[in-house]
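Below is one structure, written out as structure tokens; comments come after it.
The values are calculated or read from the model by the stated rules, or taken from the named source; none is laboratory data. All values reported here derive from a predicted model rather than from experimental measurement. Note that each Cβ is placed from the backbone with ideal geometry, even for glycine, and that neighbours are counted across all protein chains shown. Note: accessible area is taken over every heavy atom of the protein model, side chains too, but ligands, DNA and RNA are not part of it. Shrake-Rupley method; radii C 1.70, N 1.55, O 1.52, S 1.80 Å.
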Amino acid sequence: PLKNRSYEEAARILQRAVDSGVTFFDIGLPCAEVQRRVGRGLGQIREKVVLAGSFIPSTAQELERDLSAMLGDLKTEYLDILQIHDPDFLPRPGDGSGLFDALTKARGEGRIHHIGITTGNWEIAVKALEYGWYDTLQYPWSRGSAEEEVSLLDFCLEAQVGSISVPP
């Protein structure tokens, strides 16, 4: 983990990854120490990579606060993908939580480019794809996934939604 590395070592690791063809970096949940190392390490090569970050906000204000902090720590003006992590409900436009509306606002301001969701909940994943409000779905697909779960990949392809696998 980068959290336990010096800034210089983290920069070398990130540069080596990019030199080896890695272009997608999922920062995960907010962790200032990791974000600062990634921000410094990617510095001049930021435009060559896709940065994703995950959040567990309960309010639109919390989302705004955490996004601003992450962008500052990463020393970037935008996240390529902001993912709502494992929500108990599917945030959607006008649902009263204000979360999806805050995401849409941040996208309109150029602070995020794509809205994603991470979930291991089959029903939430299906709804996210059916409604078409999300640009990416991160789901715990594996060789042992049930056929029903694997069919989500076909659904992603048909809906033109990016699929990101995470270990179960």
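Treating r as the C-beta distance of residue 143 and residue 163 and R0 as 22 Å, the FRET efficiency rounds to 0.90.
Ranked by solvent-accessible area (1.4 Å probe, protein heavy atoms only, all chains present), the residues 65, 107 order from largest to smallest as 65, 107. Of 141, 96, 31, which is farthest towards the positive pole of region 1-146's charge dipole, taken about the Cα centre with +1 and -1 on the beta-carbons of Lys, Arg and Asp, Glu respectively? The Cα lying farthest towards the positive end belongs to 31. For the chain, the fraction of 1.4 Å probe accessible surface lying on carbon and sulfur atoms is 49 percent.
Modelled this way, with points 7 Å down the Cα-to-C-beta line, the labels at residue 113 and residue 40 are 2.6 nm from one another.
Taking amide H positions as modeled 1.01 Å from N, with prolines and chain starts lacking one, the residues under 5 Å from residue 79 and 5 or more places away or on another chain are 112, 113. Take residue 5: with every protein chain present and a 1.4 Å probe, its accessible area is about 90 Å². Counting only Cβ charges, +1 for Lys and Arg and -1 for Asp and Glu, the dipole size of region 1-93 around its Cα centre is about 360 debye.
For the residue pairs 3/48; 48/127; 3/127, the alpha carbons lie more than 28 Å apart in 48/127; 3/127. Accessible area per residue for the chain is 54 Å², calculated with a 1.4 Å probe on protein heavy atoms, without ligands, DNA or RNA.
With contacts taken as Cα pairs under 8 Å and at least 6 residues apart, the chain reaches a relative contact order of 16 percent. Extending 7 Å from Cα along the Cβ direction at residue 153 and again at residue 58 yields two label points whose distance is 3.7 nm. Largest first, the residues 165, 145 sort by 1.4 Å accessible area into 165, 145. For 141, 133, the ranking by accessible surface with the largest value first comes to 133, 141, using a 1.4 Å probe.
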